[in-house]
Amino acid sequence: MSGENPYLAHLPPSQRKIGGNGSDPFTGMIVRKTTAEQAEKLENGSFNPFTNKPFTAKYQSILEGRRKLPVHAQRSEFLDMIHSSQFIVLVGETGSGKTTQIPQFMVYDELPHLKGKQIACTQPRRVAAMSVAQRVADEMDVELGQEVGYNIRFEDNTSPKTFLKYMTDGMLLREAMSDPKLSRYSAIILDEAHERTLNTDILMGLLKEICKTRRDLQVVIMSATLDAGKFQKYFDNAPLLNVPGRTFPVEIYYTPEPERDYLEAAIRTVVQIHVSEPEGDILVFLTGEEEIEQACRKIKAEVDEQIRQTDCGPIKVVPLYSTLPPSAQQRIFDRAPPPRKPGGTPGRKVVVSTNIAETSLTIDGIVYVIDPGFAKQKVYNPRIRVESLLVSPISKASAQQRAGRAGRTRPGKAFRLYTEGAFNKELIEQTYPEILRSNLGSVVLQLKKLGIDDLVHFDFMDPPAPETLMRALELLNYLGALDDDGELTPTGEMMSAFPLDPQLCKMLIESPKYRCSNEILSIAALLSVPQIFIRPNEARKLADEAKANFTHGDGDHLTLLNAYHAYKTNNDNPDWCWENFLNHRSLKSADNVRQQLKRTMESWDLDLVSTPFEDKAYFTNIRKAMTAGFFMQVAHLERSGHYFTMKDNQPVQLHPSSGLGHKPEWVLYHEFVLTTRNYIRTCTEVKADWLLDIAPSYYNMGNFPQSSAKRALEKLLSRRARVIEEDSRKSKKRRS
Ligand code: ADP
Ligand code: MG
């Protein structure tokens with residue numbers, strides 16, 4: 001072997017000699033091994049080795065900043081580690097450069113494009129995948145979607161040129177279904193592993209398996225806070241790289257008394273900090289879009305009021321949550337506004353965010369953190385088969401992460417809107433892994449498709465409760481995805497091709513039988529995007545009037561469909577959407593989702609058909625097809641006027657947003673919402689006859705617990721029996 005490296009043939013001769021060769025410890029194959037110094041030389045060069053274009057000035061200035069990040073100091077150590085171990089665990093403070101730099105270190109080391117391979121970096125959150133991919137494309141001086149791209153559900157922003165891909169953990173898991181060895185990747189970085197999302201947990205188990213035969217696949221597990229020992233042990237005693245943070249001390253303040261209303265307290269605290277504390281941006285943690293938008297409005301209004309009375313500085317309030325359009329997300333990186341007049345009080349930026357800002361996205365310049373102590377978290381109760389997002393107290397580990405956001409650039413302050421006693425006694429140490437809090441229907445279907453039959457012996461880091469697994473198997477069996485031996489059926493095979501919950505998949509697959517697959521496609525898409533109806537606080541009445549124009553008295557799903565059809569009739573016009581209180585972005589994205597689902601339908605030869613609109617059965621057929629997927633999510637109206645869910649007998653109420661014109665005896669619901677009350681949201685009337693005919697095995701009276709629903713169904717069954725008897729008597733009479 002000469003000193004020339006065949007992988008570097010594309011470089012000008014002067015640069016070709018970088019990189020010594022060595023042999024792979026597993027395969028004995030000659031591989032390129034770069035030193036940090038060599039890689040930096042490439043980065044410092046005058047032209048981009050990936051595009052062969054000269055580097056821009058912007059690149060140079062970002063590069064300078066990147067060199068100051070803590071991970072940079074450990075580039076050599078990192079490279080040594082990946083050269084000698086298939087798995088490595090990397091832990092470093094938020095903001096140390098893990099997500100943006102480590103994948104680039106690997107790119108410069110592996111040059112994956114020359115081998116026709118890619119490097120994937122997974123993120124639990126869509127927002128993080130999009131935002132970080134944009135940043136890294138800028139850092140590498142390439143166009144987003146070309147060499148560097150991202151892939152999230154229903155949005156693939158990559159090209160054949162892409163060699164570095166940020167993606168949600170769910171998308172990588174999905175790819176594994178069609179490419180079980182993940183053969184297109186030379187390295188996989190599982191980021192934010194401490195989040196322990198359902199998909200990351202499954203991926204870890206899967207990667208362990210895959211790596212047994214794919215010795216050339218490099219795996220890096222990264223996290224901000226991590227019980228590193230647990231991860232190292234899980235990955236065959238993988239070595240640990242600890243990136244020491246450069247954080248400043250953060251003073252923690254507690255409230256002396258519990259706060260009654262954390263939202264109001266958070267807003268009040270922002271205003272207090274703004275008028276009384278020195279320069280420095282504020283980060284507020286809240287739980288969801290609506291709450292965040294409301295807080296932003298109130299903060300702005302109150303600070304405007306203060307500006308009239310005092311000489312406090314101007315303020316820029318920026319929301320951050322997952323459904324925000326990318327351009328709006330980018331605003332969190334804007335600078336604080338300048339003083340109102342030269343020499344005046346400096347301005348301040350206030351970011352009001354969900355948990356995303358806890359570790360997923362690093363915002364520089366934050367000095368004050370306000371932590372009310374809550375986050376929206378998934379909870380699942382297998383006994384009553386209810387999964388819901390619930391505003392719940394965070395863990396001590398989360399509270400510490402949140403406080404840490406204040407000490408990135410200089411000493412900071414964290415205001416916890418709860419008492420010190422509550423922190424010590426009420427908060428749990430770590431958030432439970434999602435796998436212990438989720439409905440596993442989708443995951444079990446995916447695992448089955450991946451050929452993992454023995455779920456009980458799958459190498460989970462934390463195995464799910466047996467009852468949860470049983471529930472998932474039961475659901476898939478009723479839906480016809482698994483047979484009685486737990487084997488994947490052809491229907492199950494087809495269902496696993498759709499990136500949707502099993503019920504939605506089943507509804508789509510059944511829809512051609514009811515001659516409404518075109519409409520069901522639209523409904524499935526509309527259920528997969530953020531809410532299309534807008535209801536601003538200051539214009540509730542007008543918004544409700546606008547919605548009434550689309551309302552279908554038989555079901556909220558049909559209302560969604562009506563609005564979508566009207567949107568299409570009006571040529572996707574954003575102004576029309578605005579006038580009708582419809583979210584144009586959501587509708588547009590529903591359109592895109594629909595296109596993609598349609599392609600999957602076509603690839604399985606599922607007919608795309610409609611019942612003629614004039615036909616009386618138009619809406620009935622749609623409701624029947626929905627029943628074919630959602631027959632396990634039905635509530636029955638008791639004589640007392642209360643609804644109870646089928647079989648599990650949970651008392652529920654129709655969500656106030658429902659447009660059902662009456663209280664039908666049987667309603668199918670899309671979602672169970674747990675708040676102070678149990679609500680069912682997005683409801684459509686169904687008929688008992690359909691339930692018995694469409695899902696006879698689920699509605700088998702033999703295994704149906706006593707309830708008013710059961711009595712009603714039994715009555716119907718005996719009426720049916722009488723009719724049959726009567727008919728046969730009549731026909732006998734006629735014959736004699
Ligand atoms: P980690 O993953 O260790 O938390 P990151 O790699 O996400 O750290 O961030 C490293 C640095 O890159 C941070 O200081 C952050 O300010 C900067 N950064 C990341 N994304 C952006 C962006 N979109 N705009 C400006 N700076 C960014
Ligand atoms: Mg990160």
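Can you tell which of D304, D364, D334, D311 is within 16 Å of ligand 2 (Cβ to nearest atom), over 19 Å from the mean Cα position of the chain (by Cα) and either at positive phi or open to solvent by 20 Å² or more (accessible area, probe 1.4 Å) (or both)? Explain how you work it out, then say what you get.
On the way: D304 fails: within 16 Å of ligand 2 (Cβ to nearest atom); D334 fails: within 16 Å of ligand 2 (Cβ to nearest atom); D311 fails: within 16 Å of ligand 2 (Cβ to nearest atom).
Criteria check complete, one pass: D364.
So in segment 232-255, with the set limited to residues that are more than 16 Å from ligand 2 (Cβ to nearest atom), in contact (Cβ under 8 Å) with a residue 40 or more places away in the chain and outside any loop (DSSP other than H, G, I, E, B), which one is nearest to L203 (Cα to Cα)?
Per the stated criteria, the residue is Y234.
Is it the case that segment 142-161 has a residue that's in contact with a helix residue (DSSP H, G or I) (Cβ under 7 Å, 6 or more places away or on another chain), touching a residue at least 60 places away in the same chain (Cβ under 8 Å) and closer than 19 Å to V593 by Cα? Before the answer, list the steps.
To start, the set of residues in segment 142-161 that are in contact with a helix residue (DSSP H, G or I) (Cβ under 7 Å, 6 or more places away or on another chain) comprises 143-144, 148-154.
From what's left, touching a residue at least 60 places away in the same chain (Cβ under 8 Å): 153-154.
Restricting the remaining residues to those that are closer than 19 Å to V593 by Cα gives 153-154.
Yes: one or more hits.
Please go through segment 367-409 and give me each residue that is open to solvent by 40 Å² or more (accessible area, probe 1.4 Å), of a type in the set (D, E, K, R) and in a strand (DSSP E or B), ordered by number.
Of everything in segment 367-409, those that are open to solvent by 40 Å² or more (accessible area, probe 1.4 Å), of a type in the set (D, E, K, R) and in a strand (DSSP E or B) turn out to be K376, K378, E387.
Within segment 540-551, restricting attention to residues that are touching a residue at least 12 places away in the same chain (Cβ under 8 Å) and open to solvent by 30 Å² or more (accessible area, probe 1.4 Å), which residue is nearest to I622 (Cα to Cα)?
Looking only at segment 540-551, we keep the residues that are touching a residue at least 12 places away in the same chain (Cβ under 8 Å), and these are 542-543, 546-551.
So of that shortlist, the ones also open to solvent by 30 Å² or more (accessible area, probe 1.4 Å) come out as 542, 547-549, 551.
Working: L542: 29, K547: 21, A548: 21, N549: 20, T551: 16 Å.
Once the filter is applied, the top-ranked residue is T551.
How about segment 283-301: which of its residues are open to solvent by 50 Å² or more (accessible area, probe 1.4 Å) and not aliphatic (A, V, I, L, M)?
Of segment 283-301, the ones open to solvent by 50 Å² or more (accessible area, probe 1.4 Å) are 289-290, 293-294, 297-298, 300-301.
Hits for segment 283-301 are E289, E290, E293, Q294, R297, K298, K300.
State all residues of segment 126-176 that are under 19 Å from the mean Cα position of the chain (by Cα), of a type in the set (A, V, I, L, M, F, W, C) and more than 16 Å from ligand 1 (Cβ to nearest atom); if no residue qualifies, say none.
If the condition is that a residue be under 19 Å from the mean Cα position of the chain (by Cα), of a type in the set (A, V, I, L, M, F, W, C) and more than 16 Å from ligand 1 (Cβ to nearest atom), then I152, F154, M171, L172, L173, A176 are the ones that fit.
Residues in segment 189-221 that are surrounded by fewer than 22 Cβ atoms within 10 Å (Cβ to Cβ) and in contact with a Gly (Cβ under 6 Å, 6 or more places away or on another chain): how many?
Within segment 189-221, residues that are surrounded by fewer than 22 Cβ atoms within 10 Å (Cβ to Cβ) and in contact with a Gly (Cβ under 6 Å, 6 or more places away or on another chain) number 0.
Please note which strands (runs of 3 or more DSSP E) are completely contained in segment 646-698 and include at least 2 residues that are open to solvent by less than 20 Å² (accessible area, probe 1.4 Å). Talk me through it step by step, then tell me what you get.
Values: elements: 651-654, 666-674, 678-685.
Here the list reads 666-674, 678-685.
Hey, can you tell me all the residues within segment 222-271 that are open to solvent by 50 Å² or more (accessible area, probe 1.4 Å) and either basic (K, R) or closer than 12 Å to A193 by Cβ (or both)?
So in segment 222-271, the residues open to solvent by 50 Å² or more (accessible area, probe 1.4 Å) come out as 225, 227, 230, 233, 236-237, 240, 242, 244, 246-249, 251-254, 256-261, 264, 268.
Residues satisfying the conditions are T225, D227, K230, K233, R246, R260, R268.
Filtering segment 186-213 down to residues that are among the basic types (K, R) and in contact with a helix residue (DSSP H, G or I) (Cβ under 9 Å, 6 or more places away or on another chain), which residue is farthest from P244 (Cα to Cα)?
Of the residues in segment 186-213, the ones among the basic types (K, R) are 196, 208, 212.
If we keep only those that are in contact with a helix residue (DSSP H, G or I) (Cβ under 9 Å, 6 or more places away or on another chain) too, we end up with 196, 208.
Details: R196: 22, K208: 28 Å.
Filtering segment 186-213 for residues that are among the basic types (K, R) and in contact with a helix residue (DSSP H, G or I) (Cβ under 9 Å, 6 or more places away or on another chain), the one farthest from P244 (Cα to Cα) comes out as K208.
Just to be sure, is Q118 buried (at least 18 other Cβ atoms within 10 Å of the Cβ), modelled with pLDDT of 95 or more and within 16 Å of ligand 2 (Cβ to nearest atom)?
No.
Using beta carbons and a limit of 8 Å, which pairs, at least six apart or on different chains, have the first residue in segment 457-479 and on the phi > 0 side of the Ramachandran plot and the second one open to solvent by 30 Å² or more (accessible area, probe 1.4 Å)?
Partner pairs satisfying both residue conditions: none exist.
Being surrounded by 15 or more Cβ atoms within 10 Å (Cβ to Cβ) and small (G, A, S) is the filter here, so list the residues in segment 552-607 that pass it.
Scanning segment 552-607 gives G555, A563, A566, S586, S589, A590.
Within segment 83-107, take every residue that is part of a helix (DSSP H, G or I) and open to solvent by less than 10 Å² (accessible area, probe 1.4 Å) and give me the one that is farthest from ligand 2 (Cβ to nearest atom). So that I can check it myself, show each step before the final result.
First, pick out the residues of segment 83-107 that are part of a helix (DSSP H, G or I): 83-84, 98-107.
Checking the rest, the ones that are also open to solvent by less than 10 Å² (accessible area, probe 1.4 Å) come to 101-107.
Numbers: Q101: 10, I102: 9, P103: 11, Q104: 13, F105: 14, M106: 15, V107: 17 Å.
It comes out as V107.
Considering S131, S178, S186, which residue is surrounded by fewer than 19 Cβ atoms within 10 Å (Cβ to Cβ) and of a type in the set (S, T, N, Q)? Lay out the reasoning, then the answer.
Numbers: S131 fails: surrounded by fewer than 19 Cβ atoms within 10 Å (Cβ to Cβ); S186 fails: surrounded by fewer than 19 Cβ atoms within 10 Å (Cβ to Cβ).
Matching residue, one of S131, S178, S186: S178.
The values are calculated or read from the model by the stated rules, or taken from the named source; none is laboratory data. Since the model is a prediction, treat every value here as computed from it, not as a measurement. With ideal geometry, Cβ positions are generated from the backbone for all residues, glycine too; neighbour counts draw on all protein chains shown. Calculation scope for accessible area: heavy atoms of the full protein, side chains included, ligands and nucleic acids excluded. Shrake-Rupley method; radii C 1.70, N 1.55, O 1.52, S 1.80 Å.
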